[in-house]
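The structure under discussion appears below in the form of C-alpha cells.
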Amino acid sequence: MHENSDGPRARLIVGISGASGVVYGLRLLEALQALPVESHLVMTKSAEITLAYETDLKVRQVQALADVVYPIEDIGAAISSGSFRTLGMVIAPCSIRSMSEIATGVTSNLLTRAADVTLKERRRLVLMLRETPLHSGHLRSLLALSDMGAVVAPPVPAFYANPQTIQDLVDQSVGRVLDLFDLQSPLVTRWGEPDEHGKVVRARKRKTKV
C-alpha cells in the first residue's frame with residue numbers, strides 16, 4: 001500500500017520498547033517524516049523510563065514525531081486489527097520481554113498485540129533486538145519468530161562506511177531497516193555506490209607484511 005493520488009498514504013507501525021537504544025526509534029520516526037509514509041507509534045511504559053535515562057526528551061516530544069499515537073493499554077486500537085492495512089511494523093529497540101511475548105503469542109499490551117497481528121497477516125515485522133549475549137532460550141525464541149516470518153535485525157554497527165559519529169552508526173542501522181520495506185532513505189551509505197559527497201564506498205587495500 002503505497003501513496004497515490006487516489007488513496008491514503010502507506011502506514012508503518014513503530015513500536016518502542018524499554019530496551020536500551022531508544023535513539024533508534026526516535027531516528028526512525030524522524031526518517032519517516034521525509035517519506036510518503038504515515039507513522040503509527042506505540043510506546044511501552046518501560047520505553048518512557050528508558051527515554052528519560054538516555055535522552056533529555058519528554059514523551060510528548062517523541063509523540064510529536066509520529067502521525068498517529070496510541071496508548072499502550074488501548075488493545076482495541078486500530079493497529080490491533082488485521083483489517084487495518086499497514087506495510088508492517090518495526091520495534092526499535094526491541095526488548096527481550098517484548099520479543100518473548102511475540103514469539104509465544106501471549107501478548108499483554110498493544111505493542112506486542114500489534115506485532116502479533118502483523119505476523120498473522122503475513123506483513124513484515126522487523127525487530128531491532130537490543131540484548132547481548134543471548135542464551136539458548138533467547139535463540140530458540142528468535143528462531144521461532146524467524147520461522148513465523150519476522151525479520152530479526154539487531155542494530156549491528158557497519159564500519160565499512162567509515163562512521164565518524166554515533167549518529168552515523170544509528171543512521172546506517174535505521175536506513176537498512178527502511179530498506180526492508182523498500183523505503184529509500186538517504187541515511188544509508190551503500191557499498192559500491194557513491195555517498196552524499198560522491199565518494200564510492202569500497203574496501204580499502206591493506207599493505208601486507210612480507
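The values are calculated or read from the model by the stated rules, or taken from the named source; none is laboratory data. These numbers were taken from a predicted model, which means no experiment stands behind them. Note that we place each Cβ from the backbone using ideal geometry, even for glycine, and neighbour counts take in every protein chain shown.
Answer with yes or no whether LYS45 is among the basic types (Lys, Arg) and within 17 Å of SER108 (Cβ to Cβ).
Details: among the basic types (Lys, Arg): yes; within 17 Å of SER108 (Cβ to Cβ): yes.
Spelling it out, LYS45 is indeed among the basic types (Lys, Arg) and within 17 Å of SER108 (Cβ to Cβ).
For GLU101, only one of the following conditions fails: (1) closer than 20 Å to VAL174 by Cβ; (2) out of contact with any strand residue (DSSP E or B) (no Cβ under 7 Å at 6 or more places or on another chain); (3) crowded, with 18+ Cβ neighbours inside 10 Å. What is its number?
In the conditions (1) closer than 20 Å to VAL174 by Cβ; (2) out of contact with any strand residue (DSSP E or B) (no Cβ under 7 Å at 6 or more places or on another chain); (3) crowded, with 18+ Cβ neighbours inside 10 Å, GLU101 misses (1) alone.
Based on this model, can you work out whether ALA92 counts as under 20 Å from LEU129 (Cβ atoms), of a type in the set (A, V, I, L, M, F, W, C) and in contact with a Cys (Cβ under 7 Å, 6 or more places away or on another chain)? Give the steps one after another, and end with the answer.
Values: under 20 Å from LEU129 (Cβ atoms): yes; of a type in the set (A, V, I, L, M, F, W, C): yes; in contact with a Cys (Cβ under 7 Å, 6 or more places away or on another chain): no.
It is false that ALA92 is under 20 Å from LEU129 (Cβ atoms), of a type in the set (A, V, I, L, M, F, W, C) and in contact with a Cys (Cβ under 7 Å, 6 or more places away or on another chain).
Scan the stretch 138-169 residue by residue and report those that are closer than 17 Å to ASP116 by Cα and among the β-branched types (Val, Ile, Thr).
VAL151, VAL152
Would you be able to say whether some residue in the stretch 6-17 is under 20 Å from LEU183 (Cβ atoms), exposed (fewer than 14 other Cβ atoms within 10 Å of the Cβ) and in contact (Cβ under 8 Å) with a residue 24 or more places away in the chain? Let's see the steps before the verdict.
Looking only at the stretch 6-17, we keep the residues that are under 20 Å from LEU183 (Cβ atoms), and these are 7-16.
Going one step further and asking which of them are exposed (fewer than 14 other Cβ atoms within 10 Å of the Cβ), we end up with 7-8.
Applying the additional criterion that residues be in contact (Cβ under 8 Å) with a residue 24 or more places away in the chain yields 8.
Yes: the stretch 6-17 contains one or more residues that are under 20 Å from LEU183 (Cβ atoms), exposed (fewer than 14 other Cβ atoms within 10 Å of the Cβ) and in contact (Cβ under 8 Å) with a residue 24 or more places away in the chain.
Would you point out which residue out of LEU134, LEU139, LEU169 is under 19 Å from the mean Cα position of the chain (by Cα), of a type outside the set (S, T, N, Q) and at pLDDT 95 or above?
Values: LEU134 fails: under 19 Å from the mean Cα position of the chain (by Cα); LEU139 fails: under 19 Å from the mean Cα position of the chain (by Cα).
Step by step, each of LEU134, LEU139, LEU169 is checked, and only LEU169 is under 19 Å from the mean Cα position of the chain (by Cα), of a type outside the set (S, T, N, Q) and at pLDDT 95 or above.
Search the stretch 104-125 for residues being hydroxyl-bearing (Ser, Thr, Tyr) and surrounded by fewer than 18 Cβ atoms within 10 Å (Cβ to Cβ), and hand back the single one that is farthest from ASP147 (Cα to Cα). Walk me through how you get there before you give the answer.
Step one: filter the stretch 104-125 for residues hydroxyl-bearing (Ser, Thr, Tyr), giving 104, 107-108, 112, 118.
So of that shortlist, the ones also surrounded by fewer than 18 Cβ atoms within 10 Å (Cβ to Cβ) come out as 104, 108.
Values: THR104: 12, SER108: 22 Å.
Once the filter is applied, the top-ranked residue is SER108.
Somewhere in the stretch 174-184, is a residue at pLDDT below 95 and farther than 22 Å from ALA47 by Cβ?
Step one: filter the stretch 174-184 for residues at pLDDT below 95, giving 184.
Add one more test, that the residue is farther than 22 Å from ALA47 by Cβ, and what stays is 184.
Yes; the residues of the stretch 174-184 include at least one that is at pLDDT below 95 and farther than 22 Å from ALA47 by Cβ.
Within the stretch 39-60, take every residue that is touching a Ser or Thr at 6+ places or on another chain (Cβ under 9 Å), of a type outside the set (Val, Ile, Thr) and farther than 19 Å from VAL170 by Cα and give me the one that is surrounded by the fewest Cβ atoms within 10 Å (Cβ to Cβ). Step through it out loud before you land on a result.
Pass one, the stretch 39-60, residues touching a Ser or Thr at 6+ places or on another chain (Cβ under 9 Å): 40, 43-44, 46-47, 50, 53-54.
Within this subset, residues satisfying the condition of being of a type outside the set (Val, Ile, Thr) are 40, 43, 46-47, 53-54.
Next, only the ones that are farther than 19 Å from VAL170 by Cα stay: 40, 43, 46.
Working: HIS40: 23, MET43: 26, SER46: 16.
Residue satisfying both the conditions and the ranking: SER46.
Can you spot a residue in the stretch 146-155 that is in a strand (DSSP E or B), within 24 Å of LEU51 (Cα to Cα) and within 13 Å of the chain's Cα centre (by Cα)?
Narrowing the stretch 146-155 to residues in a strand (DSSP E or B): 151-152.
Now narrow it down to the ones that are within 24 Å of LEU51 (Cα to Cα): 152.
Then drop every residue that is not within 13 Å of the chain's Cα centre (by Cα), which leaves 152.
Checked against the condition, which is being in a strand (DSSP E or B), within 24 Å of LEU51 (Cα to Cα) and within 13 Å of the chain's Cα centre (by Cα), the stretch 146-155 yields at least one hit.
Just a yes or no: is a residue in the stretch 200-210 at pLDDT below 90, more than 26 Å from LEU35 (Cα to Cα) and either buried (at least 20 other Cβ atoms within 10 Å of the Cβ) or small (Gly, Ala, Ser) (or both)? If you could, list the steps in order and put the result at the bottom.
First pass over the stretch 200-210, keeping only residues at pLDDT below 90: 200-210.
Of the ones still in play, those that are also more than 26 Å from LEU35 (Cα to Cα) are 202-210.
Narrowing further to those that are either buried (at least 20 other Cβ atoms within 10 Å of the Cβ) or small (Gly, Ala, Ser) (or both): 203.
Yes - at least one qualifying residue is present in the stretch 200-210.
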